[in-house]
Amino acid sequence: MRLASPLTRALVLLFAGALALPAWAAPASPTPGPAPASQPVDWRDQVLYFAMLDRFADGDATNNDQNAGVFDPADGSKYSGGDLRGITQRLDYIEGLGVTGLWITPPVANQWWDAEARFSGYHGYWASDFSAVDAHYGTLGDYVALGRALDGRGMTLVQDIVVNHMGNFFAYDDWRAGDATHTWRRTRGSRPMDRPTQWPFSQNDPNDPAQRTLSVYHWTPPVRDYTDKVQELTFQMAGLDDLDTSSPVVRRALRKSFGDWITKVGVDGFRVDTAFYVEPEFFPDFLHADDPEAPGVLRVAAAQGNPRFHLFGEGFGIDKPFEDVQMRKIDAYQRVEGGIPAMIQFPMYGTFGDVFARGHAPAELAWRIERTLAVHADPWRMPTFIDNHDVDRFLAGAGEPALKQALLAMLTLPGIPVLYYGTEQGFRGQRDAMFAAGFGSGGRDHFDPTHPLYRAIAAMVQLRRAHPALSRARPEILAADGAGPGVIAWAMQGDAEAASTDGDRLMVMLNTAEDRRLLDLDGLPAGARLVPLLALDGDGPVLQASAEGRVLGELPARAGGVWRVEPAPRSAQSVPEPEASTRPTLDAVPAVVHGDLVLTGTLPPGRDGTLVVDGDLRRAQRLIADAEGRWRETVPTDDFIDPKATHRVVVLAGDGLASPGHTFRVERDWALLAEATDPAGDDAGPEGRYRYPTDPSYADGASMDLRGMRVFGSGGALAIELAMGEVLDSWNPANGFDHVAFSVFLSLPGRTDGATAMPGQNAVLPDGRRWQVRLRTHGWSNAAFTAEGASADRDGTPLVPGARITVDRARRVVRLEFPAAALGHPTDLQGLVVHATTWDWDGGWRGLSPEGGGHTMGGGDGARDPRWMDAMTVRLP
């Protein structure tokens, strides 16, 4: 896009002298050599490895300490020493996973230290100069060498870029709309510069009329409410200086800056950070502008011989189960003509975690898959992930069997799978380093290609690359249990007529439960054989469909794999169907059940039967018919706490004989067992000296203030209602609340085992109590644990199923419901003790320091002082 007028052009040149010439007016910088050639790729077939530069590998120790006091591998808020040369040296390790491309965090020059936030820019998202490589990461020559090395391996390079903001170089103490100068000030203690060093982004002082007229920034305070569209698009995200991306000057500088990385380094794609906070209309200009001096980046890529350059944006939006609000918001960015071609599938990430880590019903994933196909025109080029640098590690709240299931799902569904560094080594820390000298490494390197997870992932990636149907076909859901963990299965049909697929029909089957589950599939070809191609553990069985095309069998706990469907021999296709009189039957089942469920039916002569609810074979009930072939059985329902969940019951009678399945829902009645109140305003830690972070999004400073607790029971199921001083959802959290993390400890009646330590909180339970079950939950996570293996710094053993969360903002209540299974199916809850605490979470328990800060608690020492703002205990009579 050309500058709007000669006057605008004159202003650009007139004000350029404040710090530096604009990039397009300055002499071209010499490059170490020609950029490596990019090879066109089909992005549907890509598998990306996402590495955080500072935490991956240190290839040049001389660039670690830049004499600014920001290098300290012992401190997670500071630089650890990873760099571009280190990644280049470890490409054999990355390529060994079978991945086809590398995505790196922004390599550009950053603000190194924000003294007010007490955090460094080691992550790369606080730019001071979009056109230069940060000294901590190396040189332009190092970056060119990485690009060449990847190109030589036939691998793609994706660079993370930011167009929404710079670092935190200015702030307002008392912002007033319409007056950009009122209480504006520079951020205190910024290092190594007090403003961006690249023009025009250096023009950030509204007190200078020339800079204010240039209007590079929106001159706004931090976002307080992300549901407010004006704030979302024009206010500062976490205090980072928000660029006016509608400005022709800003747009041209961004095009020039990022286009140069394509020509100099041979970048094959961009991941656009915080795309949600930029107006969708920005992207057609950024991609396609017909400006000879600063063309759109797709024009730059095409001129470099890469017509398939790809961009995908970050839209941090996670939907609740069976909702697609955020999906449609994400899709709107892709629907703008000439706009960003793809967005990251954040709602799918949320569902992966719910289903594989938190025990939600596989039906939620089935629904998400089908809605993905319905809402998005091209989900095959939208990246998918199970964790990344901005969210908890998958293994922070789940075990390795669940992780492998989530990875297999990601690698067999539409999208560009993204593997976050360290996943293949079993990392639990969000941004721990791979190299021995880096933060959280435990003093050793983690580049082990013999690690079981590395080998498992490599096998999955190899299977995906060997069978194009897994990356290009349209999934067809064949089964999905509707209540709690269980079985999900989908088929991927290759097109025999298309060169891009092989014509195979592949089936993916997973059991998300911690025990064996019934496999009950319909709709297969009569007598078809299912031949295993990959099993997550051991050898997958060969399965056979009946003459009706039904497969009955079982999947072991946390089993999963991929099967190829092969047609049956003619002899198998001609096997007659069993007569109706030889089948077990199930009488009418009520649509909605209150209390326990009573069922009746018949069994074939001379046979016993098995009653299976929700595929749970471990709790299946044996059926014995009377003289007339009738049976009657009562099914407990205190595990069925979700009134919206659809349950399924079936009767088996051996030799492949089964009744049709029947569905029902359960609405339990809850009895109040105990309640207590807690004083208002006592949310200041154990000694009353802690302070909330100073960021305005904490509103009235009551989001961690417990005001009361009510405890309910329904058979062996438990519900806890926590009344709060305020319930915030300004960051659009998936769980309905933010700015607080709950840690809830359950001491079960009659138990003397368990742990006293409150993991990660520098504290122990009061009165010498022990806990057996614990829930840790915040706006985007819901993880339950048993006390096995728990300690001061370890959560314990992941527990599935965990708790169901609902929020009533009007009443300021967060409700947590535990099925009886989570508590070991107690006969009653008498004597149970609940201890609830509040704090906050940001990839780990939020920091605590004497002085505090924008996103740091104040008034204590986080290395030793207890991490809870408020706490209360209720004992059931």
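Can you pull out every residue in segment 794-808 that is open to solvent by 60 Å² or more (accessible area, probe 1.4 Å) and touching an Asp or Glu at 6+ places or on another chain (Cβ under 7 Å)? Result: Arg804, single match. Determine which member of the set Leu672, Leu718 is over 30 Å from Asp522 (Cα atoms), buried (at least 19 other Cβ atoms within 10 Å of the Cβ) and in contact with a strand residue (DSSP E or B) (Cβ under 6 Å, 6 or more places away or on another chain). Step by step, each of Leu672, Leu718 is checked, and only Leu718 is over 30 Å from Asp522 (Cα atoms), buried (at least 19 other Cβ atoms within 10 Å of the Cβ) and in contact with a strand residue (DSSP E or B) (Cβ under 6 Å, 6 or more places away or on another chain). Can you pull out every residue in segment 388-435 that is closer than 30 Å to Gln493 by Cα, in a loop (DSSP other than H, G, I, E, B) and β-branched (Val, Ile, Thr)? Matches in segment 388-435: Thr412 only. Residue count for segment 320-366 satisfying the condition of being open to solvent by less than 10 Å² (accessible area, probe 1.4 Å), in contact with a Lys or Arg (Cβ under 7 Å, 6 or more places away or on another chain) and farther than 26 Å from Ala784 by Cβ: 2.
Total residues in segment 212-258 satisfying the condition of being assigned to a loop (DSSP other than H, G, I, E, B), touching a residue at least 24 places away in the same chain (Cβ under 8 Å) and not small (Gly, Ala, Ser): the figure is 13.
Quick check on my filter: what residues within segment 849-877 are farther than 30 Å from Val711 by Cβ and among the acidic types (Asp, Glu)? Scanning segment 849-877 gives Glu851, Asp861.
All told, Gln621 meets the bar of being at pLDDT 90 or above, closer than 20 Å to Gly482 by Cα and open to solvent by 20 Å² or more (accessible area, probe 1.4 Å).
Just one residue in the set Leu816, Leu775, Leu832 is surrounded by 21 or more Cβ atoms within 10 Å (Cβ to Cβ), modelled with pLDDT of 95 or more and in contact with a Pro (Cβ under 6 Å, 6 or more places away or on another chain); that residue is Leu832.
On the basis of being at pLDDT 95 or above, open to solvent by less than 10 Å² (accessible area, probe 1.4 Å), β-branched (Val, Ile, Thr) and within 30 Å of Pro221 (Cβ to Cβ), does Val250 make the cut? Taking the combined requirement at face value, the residue satisfies it.
Criterion applied to Phe742, Phe640 was being aromatic (Phe, Trp, Tyr) and more than 30 Å from Phe316 (Cβ to Cβ), and the one residue passing it is Phe640. When Gly438, Gly443 are screened for being within 23 Å of Asp160 (Cα to Cα) and either modelled with pLDDT of 95 or more or part of a loop (DSSP other than H, G, I, E, B) (or both), only Gly438 passes. Exactly one residue among Thr181, Thr197 is out of contact with any Gly (no Cβ under 9 Å at 6 or more places or on another chain), among the polar types (S, T, N, Q) and over 22 Å from Gly69 (Cβ atoms), and that residue is Thr181. Within segment 447-454, at least one residue is in contact with a helix residue (DSSP H, G or I) (Cβ under 6 Å, 6 or more places away or on another chain), under 30 Å from Asp75 (Cβ atoms) and in a loop (DSSP other than H, G, I, E, B).
When Asp639, Asp614 are checked against the criterion of being crowded, with 18+ Cβ neighbours inside 10 Å, among the charged types (D, E, K, R) and modelled with pLDDT of 95 or more, a single residue qualifies: Asp614. The condition (being free of Cβ contacts under 8 Å to residues at least 40 places away in the same chain, under 15 Å from Met410 (Cα atoms) and not charged (D, E, K, R)) is satisfied by just one residue among Pro383, Pro347: Pro347.
In segment 111-156, the qualifying residues are those that are part of a strand (DSSP E or B) and open to solvent by 10 Å² or more (accessible area, probe 1.4 Å), and the one that is nearest to Val47 (Cα to Cα) is Val133. The helices (runs of 4 or more DSSP H) located wholly in segment 49-100 that include 1 or more residues which are modelled with pLDDT of 95 or more, under 16 Å from Ala437 (Cβ atoms) and open to solvent by 20 Å² or more (accessible area, probe 1.4 Å) occupy 84-89. The single condition among (1) closer than 26 Å to Ser849 by Cβ; (2) surrounded by fewer than 17 Cβ atoms within 10 Å (Cβ to Cβ); (3) among the small types (Gly, Ala, Ser) that Gly685 does not meet is (2).
The values are calculated or read from the model by the stated rules, or taken from the named source; none is laboratory data. Given the structure is predicted, the values throughout are model-derived calculations rather than measurements. We place every Cβ from the backbone using ideal geometry, glycine too, and count neighbours over all the protein chains shown. What goes into the accessible areas is simple: the full protein's heavy atoms, side chains included, and nothing from ligands, DNA or RNA. Shrake-Rupley method; radii C 1.70, N 1.55, O 1.52, S 1.80 Å.
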